[in-house]
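K.L.:
Starting off with a structure, shown below.
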Amino acid sequence: KEKIEFTTEQQALMRVITDAYNKHQIPQDVTKKLLQDQYSTEENFLLLTEMATSQVQVLVEFTKNIPGFLSLDREDQIALLKGSAVEAMFLRSAQALNKKMPIGHTEVLEERIHKSGISEEFIKPMFNFYKSIGELHMVLEEQALLTTITILTPDRPYVKDQPAVERLQENVLDLLRKMCVLHHPQEPQYFARLLGRLTELRTLSHYHAEMLASWKVNNHKFTPLLCEIWDVQ
Ligand SMILES: O=C(NC1CCCCC1)[C@H](C1CCCCC1)n1c(-c2ccc(-c3nnn[nH]3)cc2)nc2ccccc21
């Protein structure tokens, strides 16, 4: 049985990232709202844009707490945020769906999402991703580190100083690897499976522009922040 040792730096990094992840939680009101009522496609699209807008604001605040992020070139900081916003949104959505809920609530939530207005062809890949995240039963620290690794992806478009991002990401990857051994000692491949989800996440986010366009709403209205970050309108 491998003895897991965390350096003082790693313990500090874990605490900072977990605290930030907890602090910048999306209020779970989207699930509460969806469980309360059935909405029209128009209302659902509006709810999505509202939730996504507040999630981007939360993402920016969370990112500021990643040690070293604010020392990166400013334009690279923007490129990393832009490049990871959609993936972070789907990660958050997966966590919202996989949260422990009273009996029968998850089924209602799934039904409401199926019927929300998003086109059928995207429901399958989206739910495949949500299910594959759910099967991992990630602890909170792993969720926080996975989100951080997604943000610190060096090969996003327009990133100039990729090695600087790589150095930050490597620290978080090393920490996540140890956390995986600690929390899932019986599954030596767990860390590799976790990273495999990031590939699925990137694929899902490639569909995003089409997914948005596929909503059967008369007017695809976005907030200024979403226009910036989602490259729409
Ligand atoms: O509000 C939501 N997600 C927020 C969760 C917290 C972070 C910010 C996004 C949407 C609901 C909107 C209202 C209609 C039902 C879905 N959502 C999604 C989701 C996400 C993107 C598209 C989409 N479509 N086109 N581009 N992206 C569609 C659905 N999956 C969810 C799984 C669990 C809980 C909510 C879920």
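K.L.:
Can you send over the solvent-accessible area of GLU121, 1.4 Å probe, protein chains only, in Å² to the nearest 10?
P.N.:
Accessible area, nearest 10 Å²: 120 Å².
K.L.:
Please name which of VAL58, ASN44, ASN98 has its Cα lying farthest along the dipole of the chain towards the positive end, using unit charges on Cβ (Lys, Arg +1; Asp, Glu -1) and the Cα centre as origin.
P.N.:
ASN98
K.L.:
Which of the helices in the chain meet the span-like rule: DSSP H, Cα axial reach of 15 Å or more, Kyte-Doolittle mean at least 1.6?
P.N.:
Length and hydropathy pass: none found.
K.L.:
OK, next. By the gyration tensor of its Cα atoms, with a ≥ b ≥ c the square roots of the eigenvalues, what is the shape of the range 1-112: rounded for a/c under 1.5, prolate for a/b over b/c, or oblate?
P.N.:
Oblate shape, in that a/c is at least 1.5 and b/c is the bigger or equal ratio.
K.L.:
Calculate the translational D of the chain in whole µm² s⁻¹ from Stokes-Einstein, where the hydrodynamic radius comes from the Kirkwood formula applied to all Cα pairs, the temperature is 4 °C and the viscosity 1.567 mPa s.
P.N.:
Result for D is 70 µm²/s.
K.L.:
So how do 44-55, 178-189 stack up, highest first, on mean other-Cβ count within 10 Å?
P.N.:
Packing order, densest peptide first, comes out as 44-55, 178-189.
K.L.:
I've got another one for you. What does the net charge come to around SER119 if you take all other residues with beta carbon closer than 11 Å to its beta carbon, with K and R at +1 and D and E at -1?
P.N.:
So the surrounding residues net to -1.
K.L.:
From the Cα trace of the range 84-183, what convex hull volume per residue do you get, rounded to a whole Å³?
P.N.:
106 Å³
The values are calculated or read from the model by the stated rules, or taken from the named source; none is laboratory data. The model shown is predicted, which means the values in this text are computed figures rather than measured ones. Methodologically, a virtual Cβ is constructed for each residue, glycine included, from the backbone with ideal geometry; neighbour enumeration extends over all protein chains shown. In case anyone asks, the SASA skips ligands and DNA or RNA and just uses the protein heavy atoms, side chains included. Shrake-Rupley method; radii C 1.70, N 1.55, O 1.52, S 1.80 Å.
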